[in-house]
Amino acid sequence: MNKPLILIVEDDPPIRNLINVALESHDYRALTAAGAGSALLEATSHNPDIMLLDLGLPDLDGVEVIRKIRSWSNMPIIVISARSDDSDKIEALDAGADDYLTKPFSVDELLARLRVTLRRLHQMQNEGPETAVFVNGPLTIDYAAGCACMNGEELHLTPIEYKLLCVLARNCGKVLTHKYITQQVWGTAWENNVASLRVFMATLRKKLESSSAVQVYIQTHVGVGYRMIKGIE
Ligand code: CA
């Protein structure tokens, strides 16, 4: 397999160099861009596997870069930002970012996020975006039959819990905002449903955990949303 090509978009030279050196010493190829204009140019001409994107860029806000990229590409975008406000993370995720890292971050943390994202990317490339049966460790979902099993035992889920599980599974590896999840599960009026989402998520988790000896990988991102992590295959 070719080394994955990562586009680093960062206007701060020391951080850009730090990431560049870290990636090249860990079997990645890296391209760099110091602003939004050059980022878009590099993205269209080299079609990188993953983009690491700083939100505070001199020429255009990073969120606008995400929107522009999403008009033609599904390449995974990991936001790296000094903004620690939940609202900034949510805006970037709703614009189409896959994950976020808050500065300051460690190289190990960055490499871990890249591995998660690459796994998701390979899965998308190998299976296509939609497969008939989803498998994540002991959890399986048969989309055609409309049922989910844990270790071969059918889970007794309510229609909402099942829908919720499917939304997480179809976006496995990606951080989903409350807004995105509630829109997928209930339709448009999402503002009133964040509290309901918490309740349904709690009952869903209880059912997943009580029927599994191993951990089911639903992460909570406080104030932002949830993510299902792909377990060990
Ligand atoms: Ca910056």
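The values are calculated or read from the model by the stated rules, or taken from the named source; none is laboratory data. This is a predicted model, so every value here is computed, not measured. Because the Cβ atoms are built from the backbone with ideal geometry, glycine has one as well, and the counts that use them run over all protein chains shown. Please note that ligands, DNA and RNA were not included when accessible areas were found on the heavy atoms of the full protein model with its side chains. Shrake-Rupley method; radii C 1.70, N 1.55, O 1.52, S 1.80 Å.
Computed values, structure above
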quantity: Residue in segment 44-52 that is over 20 Å from R227 (Cα atoms) and either open to solvent by less than 70 Å² (accessible area, probe 1.4 Å) or of a type in the set (A, V, I, L, M, F, W, C) (or both) present; calculated: yes
quantity: Test: S84 is small (G, A, S), outside the structural domain of N171 (by TED's automatic domain parsing), out of contact with any helix residue (DSSP H, G or I) (no Cβ under 9 Å at 6 or more places or on another chain) and under 25 Å from H178 (Cβ atoms); calculated: yes
quantity: Check on L118, assigned by TED's automatic domain parsing to the domain that holds L18, closer than 23 Å to A43 by Cα and touching a helix residue (DSSP H, G or I) at 6+ places or on another chain (Cβ under 6 Å); calculated: no
quantity: Among the residues listed as N151, N171, the single one being in the same structural domain as L208 (by TED's automatic domain parsing), of a type outside the set (G, A, S) and open to solvent by 40 Å² or more (accessible area, probe 1.4 Å); calculated: N151
quantity: Filtered residue count, segment 1-49, keeping only those that are away from the ligand (no atom under 15 Å from the Cβ), of a type in the set (G, A, S) and assigned to a loop (DSSP other than H, G, I, E, B); calculated: 1
quantity: So D85, is it of a type in the set (D, E, K, R) and away from the ligand (no atom under 14 Å from the Cβ); calculated: yes
quantity: Members of segment 50-77 that are over 11 Å from G96 (Cβ atoms) and away from the ligand (no atom under 15 Å from the Cβ); calculated: I50, W72
quantity: Odd one out for S87 among (1) surrounded by 15 or more Cβ atoms within 10 Å (Cβ to Cβ); (2) part of a helix (DSSP H, G or I); (3) of a type outside the set (A, V, I, L, M, F, W, C); calculated: (1)
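Results for (1) under 19 Å from the mean Cα position of the chain (by Cα); (2) assigned to a helix (DSSP H, G or I); (3) more than 24 Å from D98 (Cβ to Cβ), shown as yes or no for each residue.
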{"residue": "V135", "(1), (2), (3)": "yes, no, no"}
{"residue": "I141", "(1), (2), (3)": "no, no, no"}
{"residue": "A145", "(1), (2), (3)": "no, no, yes"}
{"residue": "V167", "(1), (2), (3)": "yes, yes, no"}
{"residue": "Y180", "(1), (2), (3)": "yes, yes, no"}
